Amino acid sequence: MDSETVGDEQAVDHLLRTPGHWAVVGLSDNTARPAYDVAAYLQRIGHRITPVHPSAATVHGAPGVARLGDIDGPVDVVDLFVSSARVGPVVDEAIAVGARAVWFQLGVHDEAAAARARTAGLLVVTDRCPAIEGRRRDLG
């Protein structure tokens, strides 16, 4: 899917419906955080997850890593559950590891980082939640 020609709805639909490896940045074993439930939802609809958090905790049976560069193998989507102030370096790391897409969660914004990702050829979804979008599409 070409990042230059795809619309937001097409990108969301493609990423949710195509089984892939999602690196969930900010995912820990804290059940009160939204990332915890969203990651479980992603697994339910057929995606593989890797928690990315300094604690590198195992979450939903998936071993965690401290940073994107520690993931063994390709990453399809980097899902950003971090503050907007921390997004830029994570997006740069997503580009460096060859991720195919970055997903900025609700309320997470960094236009310059999103532009860098698009320029690098990544699909970019902004200000959306995969669980909300998936349920809107009757997935899981």
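The values are calculated or read from the model by the stated rules, or taken from the named source; none is laboratory data. Remember, it's a predicted structure, so these values are computed and weren't measured experimentally. FYI the Cβ positions are ideal-geometry reconstructions off the backbone, even for glycines, and counts take in every protein chain you see.
Figures for the structure shown
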item	result
Filtered residue count, the stretch 20-75, keeping only those that are over 20 Å from residue 134 (Cα atoms) and basic (Lys, Arg)	1
Leading residue by the ranking (surrounded by the most Cβ atoms within 10 Å (Cβ to Cβ)) among those in the stretch 118-140 that are out of contact with any strand residue (DSSP E or B) (no Cβ under 8 Å at 6 or more places or on another chain) and acidic (Asp, Glu)	133
Residue under evaluation residue 10, criteria (1) on the phi < 0 side of the Ramachandran plot; (2) at pLDDT 95 or above, criterion not met	(2)
Candidate set: the stretch 45-69, residues that are touching a Lys or Arg at 6+ places or on another chain (Cβ under 9 Å) and assigned to a strand (DSSP E or B); chosen: the one surrounded by the fewest Cβ atoms within 10 Å (Cβ to Cβ)	62
Only one of 72, 127 that is assigned to a loop (DSSP other than H, G, I, E, B) and either within 21 Å of residue 56 (Cβ to Cβ) or out of contact with any Gly (no Cβ under 9 Å at 6 or more places or on another chain) (or both)	72
Qualifying residue in the stretch 84-96 (condition: in a loop (DSSP other than H, G, I, E, B) and more than 11 Å from the chain's Cα centre (by Cα))	no
Count - residues of the stretch 90-108 that are of a type outside the set (A, V, I, L, M), surrounded by 14 or more Cβ atoms within 10 Å (Cβ to Cβ) and over 23 Å from residue 32 (Cβ atoms)	3
Residue match in the stretch 65-88 (condition: out of contact with any Cys (no Cβ under 8 Å at 6 or more places or on another chain), more than 22 Å from residue 29 (Cβ to Cβ) and of a type in the set (Phe, Trp, Tyr))	no
Subset of the stretch 81-113 (residues that are over 20 Å from residue 21 (Cα atoms) and either among the hydroxyl-bearing types (Ser, Thr, Tyr) or touching a Ser or Thr at 6+ places or on another chain (Cβ under 7 Å) (or both))	83, 84, 108, 109, 110
